[in-house]
1. Of the residues that make up region 160-173, is at least one crowded, with 19+ Cβ neighbours inside 10 Å, within 17 Å of A18 (Cβ to Cβ) and of a type in the set (V, I, T)?
2. Please determine, by comparing only the residues of region 101-116 that are among the polar types (S, T, N, Q) and near the ligand (Cβ under 6 Å from one of its atoms), which one is surrounded by the most Cβ atoms within 10 Å (Cβ to Cβ).
3. Within region 118-149, count every residue that is in a loop (DSSP other than H, G, I, E, B) and buried (at least 17 other Cβ atoms within 10 Å of the Cβ).
4. Scan region 130-161 for residues that are touching a residue at least 40 places away in the same chain (Cβ under 8 Å) and within 26 Å of N93 (Cα to Cα) and jot them down.
5. Given the conditions (1) within 13 Å of the ligand (Cβ to nearest atom); (2) over 24 Å from I55 (Cα atoms); (3) surrounded by fewer than 17 Cβ atoms within 10 Å (Cβ to Cβ), which single one is not true for S180?
6. Here are Y152, Y178: which of them is closer than 28 Å to D3 by Cα and assigned to a loop (DSSP other than H, G, I, E, B)?
Amino acid sequence: MIDNRIDKVLLTADEIEAGINKCAQYINKKFKQSKIPPLMVGVLKGCIPFLGRLISKVEFDMELDFIAVASYHGTESTQNVKIVTDLATDVKNRDVILIEDIVDTAFTIHQILEIFKNRQAKSITFVTLLDKPSRRILNLKPDYFCFTIPNYFVVGFGLDYNQKFRNLPYIGVLKKSYYS
Ligand code: IMP
């Protein structure tokens, strides 16, 4: 059953799962030989369903941590990114795999990447479930994206509108009438 506040489904649960399988193949290939377990860092809260499915497919030793930043209010990105919850792990000399739900303007990920660079991570691999390149302001490309989407405001599978809809098993476009 599709939520009646959703205009259309962009990605079904099966399509998302297939996309995550391919993403897992990419990181398994890249990190299979790692001597020190890479640190997978989820950007809260939107990463949760994606990260949960992804780590169950990872075939190398890894560690897990999270960072939470505040950057988005309603349906428009803002340029101010504040750390709300910081990592518990020292990332110095670690291979970091950063897991995001979506890249839009890229301000958020840019600031997060700067944090990891300043803390002297050995390498940073940036993986996102969705890429919305049409709204990009900063010239930044993810190392891996599962899906490119058009300029829609989407919810579900971790993505929210005012903290709601993260629980939907699919990714859908919110009806404009619901938020305007
Ligand atoms: P950026 O800084 O503009 O790249 O925005 C990144 C953050 O904005 C993401 O981590 C999401 O939390 C949020 N965001 C961007 N686009 C959408 C969307 O279509 N739906 C829900 N959240 C979004």
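1. Yes, there is a match, as at least one residue in region 160-173 is crowded, with 19+ Cβ neighbours inside 10 Å, within 17 Å of A18 (Cβ to Cβ) and of a type in the set (V, I, T).
2. Taking region 101-116 and keeping what is among the polar types (S, T, N, Q), we get 105, 108, 111.
Adding the requirement that they be near the ligand (Cβ under 6 Å from one of its atoms) leaves 105, 108.
On the way: T105: 19, T108: 23.
By that ranking, first place goes to T108.
3. Of region 118-149, the ones in a loop (DSSP other than H, G, I, E, B) are 119-120, 122, 132, 136-143, 149.
Filter once more, so that each one left must be buried (at least 17 other Cβ atoms within 10 Å of the Cβ): 132, 142, 149.
So the answer is 3.
4. Selection gives P142, Y144, F145.
5. (1)
6. Details: Y178 fails: assigned to a loop (DSSP other than H, G, I, E, B).
Going through Y152, Y178 in turn, the sole match is Y152.
Let's see how each residue does on (1) over 18 Å from the mean Cα position of the chain (by Cα); (2) closer than 25 Å to I171 by Cβ; (3) modelled with pLDDT of 95 or more:
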residue	(1), (2), (3)
I6	yes, yes, yes
V9	yes, yes, yes
I16	no, yes, yes
Y26	no, yes, yes
S34	yes, no, no
C47	no, yes, yes
R53	no, yes, yes
D95	no, no, yes
I115	no, no, no
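The values are calculated or read from the model by the stated rules, or taken from the named source; none is laboratory data. Treat the numbers as computed from the prediction; the structure is a model and nothing was measured. A quick note on method: Cβ atoms are made from the backbone with ideal geometry, for glycine too, and the neighbour counts reach across all protein chains shown.
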